[in-house]
Amino acid sequence: MIRSVSHSLNSSVLGLRAAALLAVLAFGAGCAQSVGDIDRTQPDLVAKDNFQGQWFIRETVVDVPPTSPASFIGENGEMDTVVWDIQQDYLVGYRAYELVPGLDGNGESALAAPNSQPVTAGLGDGRDPKVYKGNPVVAYRIQQHVDIQRGYNPRTGEQNNVISENTTDRPWYDRSYMRIDWSQNEVDSFTTAPRSFWPIFGQPSTINSYVPKNEGGADAFRMETDENGKANYIDFTVLKTVEPSLTGCSAMFNSGIGDCTGEQIKIRTSLSKVDTEREQEYVPLVYDDKRQGEFGYFRVERPTYDRKLGNTFTGLIQLAGRHDVWEHSRDASGEPIAYSARTLRPIEYTLSEHFPDNMVDAAKQLQADYDAAFKTVVAASRNEDVAGLEKDLQNDTGNTCLFCLDLNQDGHARNGDLRYNFIYWIDDNQAVGPLGFGPPRSTRRRGASCRPPLTSTARRSIATRSSRRKSSNS
């Protein structure tokens, strides 16, 4: 009897202890705070839906070692326009228009308009057969296609607080993000690349890398977005290590101031999304040889092709390369309107990074001189005087300058950014730096200048240490 009572008491005690332990655990669970979301995604992912529409692209050399004869700061390749195709292994940028109108049967030349290249019915290809694709201009290797999603219980589908990259639930072409190796353009080109890095003739490289966004600094990957959160500008800086050159080795062994090792050169690739409506507002100026003989222009020339006649002189497209000083140039039907009825759009030039303070006044004087010249011409085209034009400018733009100057004091415009007209000042020692360099950068299809650089350089010759300055404009 006693043993039975003892056993009953022990069971009761154990039950009380268990109940108390459960209560403590429940109380502790109730007081625990949520750790929130745990994000395990890695850097450098970009959304695929950013790569829609047409994009301007240009490569520019932004830094060269002082002993390097390979290139010079400011050298750039031709600006082109591309459309993107996201493939399994590559992000490919195809030329967005017929290089020679009439030659490619896949392009409907008769219907083509500026920044609108239709595809011949039934002849399109790729995932979007309605988008015209010329020859590839650039191709960057895609390292991964991923989705970003919450973890979940595969049995119940219940989501948890862990956010991570997923590469298994959906096929690669349905995943929303990709990680791109921007360090190497896999397409050899005699146009996109700066001349010093052309295939066959240019400087071969041994190592290429780029500066990702998470590393920060002046050369880090940059992406800017519009009001809808979609990318409208991208640039990245490639660190290209080129092989030693005979010229550099000769300078090292002869004068002692060369270098016979690999040279790291920075090339910035700038990508700006095309505003197709804005581009189609422009009215090209046909400029034949007769007009060229009367007053010279930098021209944009493109041959055309006729299946019966071939390439003819009369079919040559000759357009004047010039700035667009009009915000609106056409009526609702697309026809050009009179100059006097057009809305004004100022031209803006930007001082390059690290522009010296003691040269700012000279830049302001340059701006004033060009502003006066542009105002005189535009006022005459509108049959008004300069005072009347300045009133129109104030109404249309909120300012009275037609040729304006951005001092870039906060450094928002990085060298090589194709959205800006630059007045560069280069004060670095360069073995092959020019005294002045101002290549025109007009688009092939319409001749309008897409913010070409206006360059001033101060080249300090390594051989003579003499300082020379010269300005040149495009």
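Specify which of the listed residues (T376, T397, T350) is polar (S, T, N, Q), touching a strand residue (DSSP E or B) at 6+ places or on another chain (Cβ under 7 Å) and surrounded by fewer than 17 Cβ atoms within 10 Å (Cβ to Cβ).
Working: T376 fails: touching a strand residue (DSSP E or B) at 6+ places or on another chain (Cβ under 7 Å); T350 fails: surrounded by fewer than 17 Cβ atoms within 10 Å (Cβ to Cβ).
Going through T376, T397, T350 in turn, just one is polar (S, T, N, Q), touching a strand residue (DSSP E or B) at 6+ places or on another chain (Cβ under 7 Å) and surrounded by fewer than 17 Cβ atoms within 10 Å (Cβ to Cβ): T397.
Being among the aromatic types (F, W, Y), at pLDDT 95 or above, under 18 Å from V83 (Cα atoms) and in the same structural domain as D80 (by TED's automatic domain parsing) is the requirement here; does W172 meet it?
Details: among the aromatic types (F, W, Y): yes; at pLDDT 95 or above: yes; under 18 Å from V83 (Cα atoms): no; in the same structural domain as D80 (by TED's automatic domain parsing): yes.
Answer is no for this residue.
Inclusion of T192 among residues that are in contact with a Gly (Cβ under 7 Å, 6 or more places away or on another chain) and crowded, with 16+ Cβ neighbours inside 10 Å is warranted.
For region 330-350, name all the residues that are part of a loop (DSSP other than H, G, I, E, B), under 26 Å from A368 (Cα atoms) and in contact with an Asp or Glu (Cβ under 8 Å, 6 or more places away or on another chain). Across region 330-350, the qualifying residues are R342, R345. Here the condition is being part of a loop (DSSP other than H, G, I, E, B) and surrounded by 12 or more Cβ atoms within 10 Å (Cβ to Cβ); of D371, D392, D324, it holds for D324 alone. Residue-level check: of (1) at pLDDT 90 or above; (2) of a type in the set (A, V, I, L, M); (3) not in a loop (DSSP other than H, G, I, E, B), A220 misses just (3).
Number of residues in region 392-441 that are under 23 Å from Y339 (Cβ atoms) and charged (D, E, K, R) equals 2.
Criterion applied to D361, D392, D331, D406 was being under 29 Å from V61 (Cβ atoms) and out of contact with any Ser or Thr (no Cβ under 8 Å at 6 or more places or on another chain), and the one residue passing it is D361.
Name the one entry in E327, E294, E353, E335 that is more than 30 Å from E98 (Cα to Cα) and either in contact with a Pro (Cβ under 8 Å, 6 or more places away or on another chain) or assigned by TED's automatic domain parsing to the domain that holds Y424 (or both).
Numbers: E327 fails: more than 30 Å from E98 (Cα to Cα); E294 fails: either in contact with a Pro (Cβ under 8 Å, 6 or more places away or on another chain) or assigned by TED's automatic domain parsing to the domain that holds Y424 (or both); E335 fails: more than 30 Å from E98 (Cα to Cα).
Just a single option satisfies the conditions, and that option is E353.
One residue alone among Y210, Y152, Y140 is in contact with a strand residue (DSSP E or B) (Cβ under 9 Å, 6 or more places away or on another chain), surrounded by 15 or more Cβ atoms within 10 Å (Cβ to Cβ), modelled with pLDDT under 95 and among the aromatic types (F, W, Y), and that residue is Y210.
The values are calculated or read from the model by the stated rules, or taken from the named source; none is laboratory data. Computed from a predicted model, the values in this text were never measured in an experiment. In this analysis, Cβ positions are derived from the backbone assuming ideal geometry, glycine residues included, and neighbour counts consider all displayed protein chains.
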